[in-house]
Structure formats: C-alpha cells, structure tokens
Amino acid sequence: MGAHKRPSMLSKAGTVPLTVKSALTLAAVGATVLAPVGATEAEAATLSTNALRIAASKAGSPYQWGATGPYRFDCSGLTQYSFKQAGKRLPRTAQDQFNHTRHIPGFTRERGDLVFFHGRGGVYHVGIYAGNNQIWHAPKTGSVVRLERIWTQSVSYGRVNG
C-alpha cells in the first residue's frame, strides 16, 4: 500500500476527535478554513488570502459602475464580493471600506490587504493587494478585472479583521 493510502497513527489509535481529523485532512490536501469571528492574525490572514484568491478568479470580468458581481464589478464591488465569498461582509463603497478596516503602515502590508487610493475628495478606488506592489482590481469603464502595478504613492492600506 502506498504511503498516501496508509491511515495515520493518530487515526488508528482512535484518540483524535473527528474535527481535528477533518482539520488535519484539510491541511494535508491544501484546503483552507474560514476564519471565525474574533479570529487571530493568522486566521484573518487566511480570510484575506481567500478573498484574494476569489478576486483573482474573477480576472477578465467586465467593469460596470455599481456592479457587485458575480459577473460584473466596480472596484468596491469586487472587494466586497471577494470578502463576502470568503466569509466577511464589507460595506459597499471604497470610502466606507476604508472606514471599516484597520489601517496599517505600507511596510506591514500583506497579500489580501486592501489598498485604498486617495484624491482630493477622499478615497476614490480600492483593490486587493497581491504582493510585488500589485493589486487585483476593477479599474474603470471599458476595462476588466485584472492584476496591475500600484501606479501612485497616494495609497494607504487596510486589513480586514476576521
């Protein structure tokens, strides 16, 4: 019998509760578990990583002002949809999402954090940080959800708590 088919010693002994076995199985196959309310930093990171993965899965979806998915998006509609699918509700607009997140310094940003773009009127755009100074976002009319470099220094970062 191949190594991948042998039951673990813990499961043979019958001493591991079913929920632990399920979590171990999920970890072994690379699955992720959603962060519950009151989550730790690691659990919040998992939530954000899931939201990032969901946003990336929408690559090529058309931009439409006011759209919240699942097939068309505006910028805050994409972030709202992605986090909702990952298990966390966000407000509708980029400004309200900015007001709802924990603001963090740029040097502490992580994949899955929100990137807010600022102008004279406040926050005008939002995307999800993908690493390497890039974001997934729904840019503007006539475009599609895509991965793009952050084009300005007039940004701030927010972390969505689990």
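The values are calculated or read from the model by the stated rules, or taken from the named source; none is laboratory data. Bear in mind that the values here come from a model prediction, so they are computed numbers and not experimental data. A quick note on method: Cβ atoms are made from the backbone with ideal geometry, for glycine too, and the neighbour counts reach across all protein chains shown. With ligands, DNA and RNA removed, areas are computed over all heavy atoms of the protein, side chains included. Shrake-Rupley method; radii C 1.70, N 1.55, O 1.52, S 1.80 Å.
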Worksheet item: In square nanometres, what is one fourth of the surface area of the convex hull spanned by the alpha carbons of the stretch 71-135?
Response: 4.7
Worksheet entry | Cut-off 18 Å (backbone N to label point 7 Å along Cα→Cβ of THR152), residues of the stretch 111-129 | 114-129
Discussion item. With +1 on the Cβ of every Lys and Arg and -1 on the Cβ of every Asp and Glu, and nothing else charged, how large is the dipole of the stretch 64-136 about its Cα centre, in debye rounded to the nearest 20?
Written reply: 140
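Per residue, how many Å² of accessible area does the stretch 120-162 show with a 1.4 Å probe? Please report the intermediate quantities before stating the final value.
On the way: 2210 Å² over 43 residues.
Value returned for the stretch 120-162: 51 Å² of accessible area per residue.
Where does each of ARG111, ARG92 land when they are ordered by accessible area, with a 1.4 Å probe and the largest first? Mind dumping the intermediate values first?
Details: ARG111 135, ARG92 70 Å².
Listed by decreasing accessible area, they come as ARG111, ARG92.
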Practice prompt. Name the shape class, rounded, prolate or oblate, that the alpha-carbon gyration tensor gives for the stretch 105-161, where a ≥ b ≥ c are the square roots of its eigenvalues, rounded holds for a/c under 1.5, and otherwise prolate holds if a/b is larger than b/c and oblate otherwise.
Written response: oblate
Discussion item. At 0.36 nm per residue, and after removing the present C-alpha to C-alpha distance, how many nm does the segment from PHE107 to LYS140 gain when stretched out fully?
Written reply: 9.1 nm
